[in-house]
Every structure is written in C-alpha cells, then in structure tokens.
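A short write-up of the structure that comes next.
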Amino acid sequence: DTEVTQTPKHLVMGMTNKKSLKCEQHMGHRAMYWYKQKAKKPPELMFVYSYEKLSINESVPSRFSPECPNSSLLNLHLHALQPEDSALYLCASSQGQGNPPGGEAFFGQGTRLTVV
Amino acid sequence: GESVGLHLPTLSVQEGDNSIINCAYSNSASDYFIWYKQESGKGPQFIIDIRSNMDKRQGQRVTVLLNKTVKHLSLQIAATQPGDSAVYFCAEARYGNNRLAFGKGNQVVVIP
C-alpha cells in the first residue's frame, strides 16, 4: 500500500465554521506533512510532523491547527478561515529518517477547500 | 492574492519527441533534489531524485542532470507520451530536516 488518503476531497465552509481535514497512510512512514497549493503555484509547506511531534511550523496562522493522533493519521483543524485560505490542501508522508532527507515523499490527492 | 492572467511556463512537445524541463534552485546548501509530476486534480507524484554529490541520474525514460556551479537542475523525458502531460515541479531539501521546498512549475503539453 503506497497510498496517502485524504478526506474529504472537496469542502466548502463558511468563515465561522469549524472543520477538519484528515490524512491517513499505512506505509510505516514517520514524517507527515501539510502543504497548501494555490492554482498554478507550487505547494507551500505548512507543517511537518516527525515521529508524531510537530517539528516544523512555517509561521502558519493559528486558524490552522495540526494534530497527529498516531503515526498513521494527520489532521488539520480549521477555524475562522478567510476566503484567501481557499486552496488545495495536500498531505504527504515520507520515511522521515536517515538519508536522504525524508526519503521519497508520497502525496495524497488533496482536499479542495473553498471558504465562503 | 493571485495575479490575474498568471501563466505557468509551458512546453509544447510532439508525441515521441524528447522533452527538457529546467529548474533554477536557490539554496547552494541543498543536499537532495527531486522532480515531481502533478496531473490535473491530483497530488504531486515522485519521478526521480538526485543527491548533490551526483551530476546525472537515469530512470525509466527520464534523466535528471544537476549543475551545482550554476544551481540548475533539468529533467529530460525521452519519447514523450500523452500521459506525460502535466505540471512538473523540482524540489530541494537538506539532510537533517524534512523541509522539502518546491520550485516553480513547468507545464508540459504533449501534442498527439
């Protein structure tokens, strides 16, 4: 199984809503990532979890709150988002150890988020 | 916000021809470089990687070249097929952290 599964595939939420994005992998990877991607732009790193601990937060606003309940799951909790937060949110995982850095990263299909 | 009329650099290539996609990277301390392919509606997919102590690596129908002197990376696709139509991103990373940074994408359009 070399899949990273993200749910939901599409999400429309209001600016006062609270929602969560979910990501799951069963490859035994110990690093998991959240990226944000706007149309025609490269993915931008948001958070990295390494061995279930938050290792990188790229100065992401607090309205985005990541959570790693266990080594297979990664959540992104959303609250009070703005329309400019509309984007494709990608989850990825990699071996997270050794050489090369992170190893090959596998990406999910993404959640297409629209904030209205 | 996004610029109106923003376009990706686009390479149009005839089916069967070879494609070359270029990438300039900024961090001379990067140890590891990767090419990803992203098809419409999908997440990025790993194609090939290369370590900074190498200058060439070959895979199936793909070759990556690394020129550290000018901080330039290229991806060559042999005998381009319609299924190769996608956006291609280069990415770089350093040993010791998991911060994978993506460069700007290049759109490849294969003409049957």
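The values are calculated or read from the model by the stated rules, or taken from the named source; none is laboratory data. For clarity, every value in this text was computed on a predicted model and none was experimentally measured. Cβ coordinates were reconstructed from backbone atoms using ideal geometry, including for glycine residues, and neighbour counts include every protein chain displayed.
Residue selection: residue B:10 fails the criterion of being surrounded by 17 or more Cβ atoms within 10 Å (Cβ to Cβ), more than 10 Å from every other protein chain (Cβ to nearest Cβ) and either among the hydroxyl-bearing types (Ser, Thr, Tyr) or more than 12 Å from the chain's Cα centre (by Cα) (or both).
Being within 11 Å of chain A (Cβ to nearest Cβ) and within 30 Å of residue A:53 (Cα to Cα), is that true of even one residue in the range B:68-87? No, every residue in the range B:68-87 fails to be within 11 Å of chain A (Cβ to nearest Cβ) and within 30 Å of residue A:53 (Cα to Cα).
Considering every residue within the range A:53-70, establish whether at least one is at the interface with chain B (Cβ under 10 Å from one of its Cβ atoms), under 18 Å from residue A:104 (Cβ atoms) and surrounded by 14 or more Cβ atoms within 10 Å (Cβ to Cβ). I'd like the intermediate steps shown before the answer.
Applying the first criterion (at the interface with chain B (Cβ under 10 Å from one of its Cβ atoms)) to the range A:53-70 yields A:55-56, A:58.
Retained after the next criterion (residues that are under 18 Å from residue A:104 (Cβ atoms)): none.
No: the range A:53-70 contains no residue that is at the interface with chain B (Cβ under 10 Å from one of its Cβ atoms), under 18 Å from residue A:104 (Cβ atoms) and surrounded by 14 or more Cβ atoms within 10 Å (Cβ to Cβ).
Is it fair to say residue A:33 is in contact (Cβ under 8 Å) with a residue 40 or more places away in the chain and crowded, with 20+ Cβ neighbours inside 10 Å? Judged against the criteria, residue A:33 is a match.
With respect to the conditions (1) at pLDDT below 90; (2) among the small types (Gly, Ala, Ser); (3) surrounded by fewer than 13 Cβ atoms within 10 Å (Cβ to Cβ), residue B:83 falls short on a single one, namely (1). Of all residues in the range A:50-80, exactly one satisfies the criterion of being acidic (Asp, Glu) and in contact with a Cys (Cβ under 6 Å, 6 or more places away or on another chain), namely A:52.
Looking at the range A:2-21 only, could you name the residues that are under 18 Å from residue A:78 (Cα atoms) and crowded, with 17+ Cβ neighbours inside 10 Å?
Here is the first cut: in the range A:2-21, the residues under 18 Å from residue A:78 (Cα atoms) are A:6-21.
Within the range A:2-21, A:6, A:11, A:13, A:19, A:21 qualify.
Annotation: residue A:116 fulfils all but one of (1) loosely packed, with under 14 Cβ neighbours inside 10 Å; (2) within 12 Å of chain B (Cβ to nearest Cβ); the unmet one is (2).
So which strands (runs of 3 or more DSSP E) are wholly in the range B:8-108 and hold at least 2 residues that are among the aromatic types (Phe, Trp, Tyr) and within 19 Å of residue A:91 (Cα to Cα)?
Numbers: elements: B:10-14, B:19-24, B:32-38, B:45-51, B:56-58, B:62-67, B:72-77, B:86-93.
Output list reads B:32-38, B:86-93.
Candidates in the range B:33-46 are the residues that are without any contact (Cβ under 8 Å) to a residue 40 or more places away in the chain, surrounded by fewer than 20 Cβ atoms within 10 Å (Cβ to Cβ) and of a type outside the set (S, T, N, Q); of these, the one that is farthest from the other protein chains (Cβ to nearest Cβ) is B:41.
Hey, among the residues in the range A:24-45 that are among the hydrophobic types (A, V, I, L, M, F, W, C) and more than 11 Å from chain B (Cβ to nearest Cβ), which one's nearest to residue A:107 (Cα to Cα)? Outline the logic, then answer.
Just the residues of the range A:24-45 that are among the hydrophobic types (A, V, I, L, M, F, W, C), to begin with: A:27, A:31-32, A:34, A:39, A:45.
Next cut, more than 11 Å from chain B (Cβ to nearest Cβ) only: A:27, A:34.
Numbers: A:27: 12, A:34: 10 Å.
Ranking the qualifying residues of the range A:24-45, first place goes to A:34.
For the range A:42-52, a residue qualifies if it is surrounded by fewer than 17 Cβ atoms within 10 Å (Cβ to Cβ) and under 30 Å from residue B:9 (Cβ atoms), and exactly one does: A:44.
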